[in-house]
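Presented below is the structure to which this report refers.
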Amino acid sequence: MIKRPKGTYDIIGEDVPFWHHFENKAKESARVFGFEEIRTPILERTELFQRSVGDETDIVQKEMYTFDDKGKRSMTMRPEGTASVVRAFLENNLMSLGLPQKVFYMGPMFRYEKPQTGRYRQFHQFGVEVIGSGSSKADAEIIWQAKYLIESLHLHNYTFHINHLGCSSDRKRYKEALKDYYKKHYNSLCQDCKIRFDKNILRLLDCKNPNDATLKQKAPKITDYLCEHCSAEYSDIKRQLKQLSIEFEENSFLVRGLDYYTGMVFEVKYPYADTVLDILGGGRYDQVISDLGGKDIPAVGYACGIERILSIMKEEQVEIKVKPLSEIFVLGMCEEAEPFVMKIVRFLRRKDISVEHDLMGRSLKSQMKYASKIGARFTIILGNEEIDNGIYIVKDMETGNQTSVESSWIENYMMDKLEE
Ligand code: HAM
């Protein structure tokens, strides 16, 4: 038996309506805020992620599904969506359509991580990006859109964490301060952090190792190193969030796991089982477009992890409407009934009504069982007697009531019934 790859899963049965529900809500939230859909390839040139997400990040260093294709080009299955959106923006000259470009995307991402609660190797993100606005209004807009989506899913226990990573000279000064601080504690750092110390010191603040997490508490904070401009920008974002009644916590150690962030960053945390999940994260990335060969165009966005959100929705028993697969089952009791069954099925399907009939050669009893299993609202029953008399039986599957209906009128009767 061939099994699915570790860290992946099948979306089947009762999970499917949850996915549809999320997808509909996400698209609706995008529409309300004026975002258009963009679909990019799952496969990209490896260089795209090296030059945007950052060569020193865990994602690029350890987690990418990278391989040489038959033409000996290094290809990567996208670990996130932002880099691809920027590539598509540049390649398709979307700038010519005017700025800002506001796009959303939804689809699978791939990271070779150790599978655990809420962490998969193939997972799905919904993300939005505003390309072209450097205004703090765009930062607030993104957070507002995220809140709108979360609330529309009836999730309330969320906390927004925000921070500001300053401009490049702020970060330079901050990194020096971090180096001074961590130099004194170098020997007690975990092995990974010793490497991060040299290569990308900000990543030290991301470390989950308990000793490093304790050390972090006394580390310098980026917010103490912001220049006047960045500090004013951060205050303005916070002012707007307050105006929009969006509650948040300031978290001056929030640096995110990707290297492209430049100004405001944020995450949404949500308690789940005995842990806290990051369900959503994003921020400003004003240099990615020029780093990938475009003009100096600012951008901001976020992405959320769909699996994590769905797990929380299930745990919180958020109710979603599940439409039955088929509304009507047409049940033939004998072989002679078949053309009559098919006539009804064809008519109703032409009217876009979901109708099923038996494909298994089942007995009356097991056809009835099947009709109930698929959640059909009505079953139309016909056998020799019904055909001879020109009267069919319609069973309401919820109440069990049966009604006799003239065969020439059956289709109209069913259509009226479904509208009730
Ligand atoms: P990220 O924080 O790497 O950001 O991922 C966003 C979200 O994807 C996370 O908050 C989490 O919910 C989900 N996620 C990440 N890894 C996994 C995994 N292995 N299994 C399940 N869920 C996962 C980005 O990807 C950025 N591109 C976000 C962004 C958009 N920034 C600006 N624009």
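The values are calculated or read from the model by the stated rules, or taken from the named source; none is laboratory data. Note that this is a predicted model, so its numbers are computed, not measured. As a convention, Cβ positions derive from the backbone with ideal geometry for all residues, glycine included, and neighbour counts pool all protein chains shown.
Data table
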quantity: Lone qualifier among GLY263, GLY257 - being buried (at least 16 other Cβ atoms within 10 Å of the Cβ) and under 21 Å from the mean Cα position of the chain (by Cα); calculated: GLY257
quantity: Any hit, the range 109-132, residues being touching a strand residue (DSSP E or B) at 6+ places or on another chain (Cβ under 9 Å), more than 12 Å from the ligand (Cβ to nearest atom) and at pLDDT 95 or above; calculated: yes
quantity: Count - residues of the range 150-196 that are free of Cβ contacts under 8 Å to residues at least 12 places away in the same chain and of a type in the set (Phe, Trp, Tyr); calculated: 1
quantity: Checklist (1) surrounded by fewer than 20 Cβ atoms within 10 Å (Cβ to Cβ); (2) in a helix (DSSP H, G or I) applied to ASN157, failing item; calculated: (2)
quantity: Which listed residue, of LYS395, LYS365, is modelled with pLDDT of 95 or more, of a type in the set (D, E, K, R) and either in contact with a helix residue (DSSP H, G or I) (Cβ under 6 Å, 6 or more places away or on another chain) or surrounded by 18 or more Cβ atoms within 10 Å (Cβ to Cβ) (or both); calculated: LYS395
quantity: Selected residue (criterion: nearest to the ligand (Cβ to nearest atom)) from residues of the range 300-340 that are aromatic (Phe, Trp, Tyr) and over 17 Å from the mean Cα position of the chain (by Cα); calculated: PHE329
quantity: Of the criteria (1) within 16 Å of ALA299 (Cβ to Cβ); (2) more than 18 Å from the chain's Cα centre (by Cα), which one PHE49 fails; calculated: (1)
quantity: Restricting the range 276-299 to residues that are more than 7 Å from the ligand (Cβ to nearest atom) and buried (at least 21 other Cβ atoms within 10 Å of the Cβ), the residue that is farthest from the chain's Cα centre (by Cα); calculated: ILE297
quantity: Residues of the range 248-275 satisfying the condition of being in a loop (DSSP other than H, G, I, E, B), under 17 Å from SER136 (Cα atoms) and more than 8 Å from the ligand (Cβ to nearest atom); calculated: PHE248, THR262, GLY263
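Condition check ((1) charged (D, E, K, R); (2) farther than 15 Å from VAL130 by Cα) across all residues:
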{"site": "LYS242", "(1), (2)": "yes, yes"}
{"site": "VAL265", "(1), (2)": "no, no"}
{"site": "GLY281", "(1), (2)": "no, no"}
{"site": "ASP291", "(1), (2)": "yes, yes"}
{"site": "GLY294", "(1), (2)": "no, yes"}
{"site": "ARG308", "(1), (2)": "yes, yes"}
